[in-house]
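Trainee: First the structure, which I've put down as C-alpha cells, then a few questions once you've had a look.
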Amino acid sequence: GVGTGMVVGATKILFGAGLIWFIIMKYAVALTLTAFTHEDFINIAWDSAGVTTGPVTVPFVLSVGVGCSKAVKASEGFGILACASVWPIITVLVMDGCRRVVKKYKERQG
C-alpha cells in the first residue's frame, strides 16, 4: 500500500500535478470501497493508514520525495507522504473484495 502511494506521489512530483486532485480521488475510492466492505475489514483498513507515520516510514518516504523533486528540479516535493497514506486503506479494502470473490467462487465449485 505505501509503495503504491509513493509511486503516485512521485508521479505527482514528476508531472507537477495538483495535490488536491490526487487526494480527492484517493479518498473517493476509499470511501466508495468502504460502502461495500465488511465491517471487520473497514476497522482494520482505516486504522492501517497509521503505518505511514512510523519512525522508519516517514524519513524514507520524505527522502524519496525530496530526491524526486531535486531530480526533476521541481519547486517542491510536498505531497508524497499524503499520497502514501491512503493506499494502505485502499489495499485492505480491496483485499476484502478479493476474499469475498474467492469465497463465492469456492462455494460455486463445491
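The values are calculated or read from the model by the stated rules, or taken from the named source; none is laboratory data. Here the structure is a predicted model, which is why all the values come from computation and not from measurement. A quick note on method: Cβ atoms are made from the backbone with ideal geometry, for glycine too, and the neighbour counts reach across all protein chains shown. Ligands, DNA and RNA are excluded from the accessible area calculation, which covers all protein heavy atoms including side chains. Shrake-Rupley method; radii C 1.70, N 1.55, O 1.52, S 1.80 Å.
Trainee: Could you give the accessible area per residue of the chain, probe 1.4 Å, as a whole number in Å²?
Mentor: I get 63 Å² per residue for the chain.
Trainee: Right, here's the next one. How many nm is it between the label spots at VAL58 and THR32, if each spot is 7 Å from the Cα in line with the beta carbon?
Mentor: 3.2
Trainee: Only Cα pairs under 8 Å and at least 6 apart count here; give the relative contact order of the chain as a rounded whole percent.
Mentor: Once divided by the residue count of the chain, the mean separation gives 48 percent.
Trainee: Right, another one. Place a label point 7 angstrom from the Cα of TRP46 along the Cα-to-Cβ direction, then list the residues of region 70-100 whose backbone nitrogen is under 15 Å away.
Mentor: 86, 89-90, 92-93
Trainee: What percentage of the solvent-accessible surface of the chain, computed with a 1.4 Å probe over protein heavy atoms, is contributed by carbon and sulfur atoms?
Mentor: Roughly 70 percent of what the probe reaches on the chain is carbon or sulfur.
Trainee: Excluding ligands and nucleic acids, what accessible area in Å² is computed for VAL72 using a 1.4 Å probe, to the nearest 10?
Mentor: VAL72 exposes around 60 Å² with every protein chain in place.
Trainee: Can you pull the accessible area of ILE13 for me, 1.4 Å probe, Å² to the nearest 10?
Mentor: Looks like 10 Å² after rounding.
Trainee: Follow-up question, since we're still on this one. Rounded to two decimals, what is Rg over Rh for the chain when you use alpha-carbon atoms and the Kirkwood radius?
Mentor: Answer for the chain: 1.09.
Trainee: On a 1.4 Å probe surface of the protein chains, which of ARG108, ARG100 comes out largest in accessible area, and what is the full order?
Mentor: Result, largest first: ARG108, ARG100.
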